[in-house]
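Below: one structure, written as structure tokens.
The values are calculated or read from the model by the stated rules, or taken from the named source; none is laboratory data. These numbers come from a predicted model, not from an experiment. Using ideal geometry, Cβ is built from the backbone for each residue, glycine included, and neighbour counts are taken over all protein chains shown.
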Ligand SMILES: Nc1ncnc2c1ncn2[C@@H]1O[C@H](COP(=O)(O)OP(=O)(O)OP(=O)(O)O)[C@@H](O)[C@H]1O
Ligand SMILES: [Mg+2]
């Protein structure tokens with residue numbers, strides 16, 4: 001569903017943020033992307049979503065190359081970035097309608113989905129207010145609702161659990177599970193290892209731009225009884 005081959009990003013000053021990354025994310029799986037601060041998670045997600053270009057390597061989404069076939073590739077996913085960047089002057093409902101227009105969600109589906117998701121996240125009452133009156137968490141929930149609306153094949157999120165209250169986090173986890181039960185794919189980065197451990201079919205660990213593990217939790221643990229946190233700390237500790 002989502003393939004990365006030799007993906008590398010070198011920023012100015014020869015800073016290698018992502019170093020020859022290979023990933024193959026399958027249809028119907030919840031895939032967790034973890035790694036210490038500065039490991040290259042956001043850079044990788046920004047390359048996958050076409051916000052920045054890799055220095056080297058290839059990315060295909062549902063068989064479409066993100067560079068050569070950008071529109072078809074971008075129709076396959078939606079993305080919730082780590083910063084909720086929405087124009088302040090826009091009303092919540094206008095933002096959701098704009099996303100629905102872009103992804104050509106029909107009127108009946110958008111009405112039903114907007115109602116369902118905004119009620120679940122308890123922002124339905126705020127939809128006629130402009131986004132500049134929203135709290136940080138409300139903005140984030142609006143972006144998550146927007147990203148769910150098109151019912152994308154791949155739902156990609158960068159640290160979605162930061163800033164959400166426990167109730168909203170539970171809703172998001174349930175919606176991620178529901179998405180993949182319906183055959184969709186979820187890719188998200190996180191530092192909340194308990195969530196990753198409970199939710200993901202497979203996990204990739206990135207450290208200093210390099211992939212140091214990519215497997216099911218059972219395989220990463222090698223039959224040991226350690227938690228993902230213990231394994232993570234051991235694998236990413238500086239010698
Ligand atoms: N635009 C940029 N210009 C230069 N260097 C950058 C840029 N964006 C990221 N980097 C560098 O690339 C590396 C990876 O950053 P990235 O944001 O991908 O890390 P991350 O794994 O998402 O970290 P965090 O857990 O803190 O969000 C870091 O060393 C960072 O300083
Ligand atoms: Mg990041």
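Data table
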{"read-out": "Hits in the stretch 133-157 (condition: in contact with a strand residue (DSSP E or B) (Cβ under 6 Å, 6 or more places away or on another chain) and under 15 Å from residue 87 (Cβ atoms))", "value": "143"}
{"read-out": "Only one of 103, 117 that is touching a helix residue (DSSP H, G or I) at 6+ places or on another chain (Cβ under 6 Å) and more than 30 Å from residue 12 (Cα to Cα)", "value": "117"}
{"read-out": "Where residue 197 falls short, out of the listed (1) under 26 Å from residue 118 (Cβ atoms); (2) touching a helix residue (DSSP H, G or I) at 6+ places or on another chain (Cβ under 6 Å)", "value": "(1)"}
{"read-out": "The stretch 84-96, residues that are at pLDDT 85 or above and out of contact with any strand residue (DSSP E or B) (no Cβ under 9 Å at 6 or more places or on another chain)", "value": "93, 95, 96"}
{"read-out": "Sole exception among (1) within 18 Å of residue 148 (Cα to Cα); (2) within 16 Å of ligand 2 (Cβ to nearest atom) for residue 93, by number", "value": "(2)"}
{"read-out": "Answer from 59, 25, 71 - the residue that is free of Cβ contacts under 8 Å to residues at least 40 places away in the same chain and not assigned by TED's automatic domain parsing to the domain that holds residue 147", "value": "71"}
{"read-out": "Filtered residues of the stretch 1-16 (kept if within 16 Å of ligand 2 (Cβ to nearest atom) and modelled with pLDDT under 95)", "value": "15"}
{"read-out": "Filter pass, residue 109 being away from ligand 1 (no atom under 16 Å from the Cβ), over 19 Å from the mean Cα position of the chain (by Cα), part of a helix (DSSP H, G or I) and surrounded by fewer than 16 Cβ atoms within 10 Å (Cβ to Cβ)", "value": "yes"}
{"read-out": "Test: residue 34 is touching a helix residue (DSSP H, G or I) at 6+ places or on another chain (Cβ under 7 Å) and modelled with pLDDT of 95 or more", "value": "yes"}
